[in-house]
């Protein structure tokens, strides 16, 4: 079985203060952080044990995960498993990138969001260059607010052509053709993001080959279908009960307006567009310059070194 998992644990703290985000500058209690770490380590151990399956993982924390060492270790360890095809995380790229040296760069990828009002341009661009110089696959992007247009143009001009810069349509914002044109010049795929996609009654891989998992291992089809409905729970990851619930489903929502949702709608053909980088939002054909590998000892979780891990 090939299964893509969107994992979101208890972590809900972030070092940024974006006005549209309910988790801006939120601080998790020590108890929540301990619970998040334990939940993540349990999830990693589960993935390690699924050596008969092909697993892909995207971490979608409410807050910023890479400021926490356990997310860095999890990404490194999962990337080195033979049965993990892609492991990625959504990040604001505020933390250092040296930890990526221990990862298998054929599997690791980062989805990096630029927040012009939260970080200096030079710092964010520098982080992007660090990733590229290290051979780490990544996409980067920005929310298509009018006040972000100049920053987006500058970033597109300063990034190498082979680094994809995506533009997310701002929530609740309607773009005229004239307003959409400059964003499409920056991101040729902006038309995919510009309008919500009608989804009710449409086929989606969510619930069949893509699932959403929380820190307790509870499994749902995706992040967006209501979890208050008992019928939407597919089971639990750790007791295996979710497996018998995996099947093709039609979306019950009127529309889907988030990339991590609509990318899995077969009718849009986005698995071809992002072949090899569906979870990290990296288009097919994007090339990465790889430096000569440098072997460095990297501390992993207790399960490191288990059978099936890729050598560096």
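Things worth noting here:
- Filtered by the rule that a residue be modelled with pLDDT under 95 and in contact with a helix residue (DSSP H, G or I) (Cβ under 9 Å, 6 or more places away or on another chain), the stretch 223-242 gives 223, 224, 225, 226, 233.
- Selection of the stretch 152-181 for residues being farther than 27 Å from residue 66 by Cβ and touching a helix residue (DSSP H, G or I) at 6+ places or on another chain (Cβ under 6 Å) yields 175, 180.
- Number of residues in the stretch 132-151 that are outside any loop (DSSP other than H, G, I, E, B), closer than 23 Å to residue 60 by Cα and in contact with a helix residue (DSSP H, G or I) (Cβ under 7 Å, 6 or more places away or on another chain) equals 3.
- Residue 160 farther than 30 Å from residue 250 by Cβ, over 19 Å from the mean Cα position of the chain (by Cα) and in a loop (DSSP other than H, G, I, E, B): yes
- Residues in the stretch 102-134 that are crowded, with 17+ Cβ neighbours inside 10 Å and within 20 Å of residue 84 (Cβ to Cβ): 11 in all.
- Condition check for residue 266: surrounded by fewer than 16 Cβ atoms within 10 Å (Cβ to Cβ) and touching a residue at least 60 places away in the same chain (Cβ under 8 Å): yes
- Tabulated pairs, the stretch 10-37, first closer than 20 Å to residue 148 by Cβ, second surrounded by fewer than 16 Cβ atoms within 10 Å (Cβ to Cβ) and at pLDDT 75 or above, C-beta under 8 angstrom, 6+ apart or interchain: 18/117; 20/171
- Matching strands (runs of 3 or more DSSP E) fully within the stretch 177-259 where at least 1 residues are touching a strand residue (DSSP E or B) at 6+ places or on another chain (Cβ under 7 Å), under 19 Å from residue 56 (Cβ atoms) and in contact (Cβ under 8 Å) with a residue 60 or more places away in the chain: 210-214
- Breaking point among (1) buried (at least 22 other Cβ atoms within 10 Å of the Cβ); (2) within 19 Å of the chain's Cα centre (by Cα), for residue 85: (1)
- Any hit, the stretch 51-65, residues being within 24 Å of residue 170 (Cα to Cα), surrounded by fewer than 21 Cβ atoms within 10 Å (Cβ to Cβ) and out of contact with any strand residue (DSSP E or B) (no Cβ under 8 Å at 6 or more places or on another chain): no
The values are calculated or read from the model by the stated rules, or taken from the named source; none is laboratory data. Keep in mind that this is a model prediction, so the values were computed, not measured. Reconstructed Cβ throughout: ideal geometry from the backbone, glycine too, with neighbour counts over all protein chains shown.
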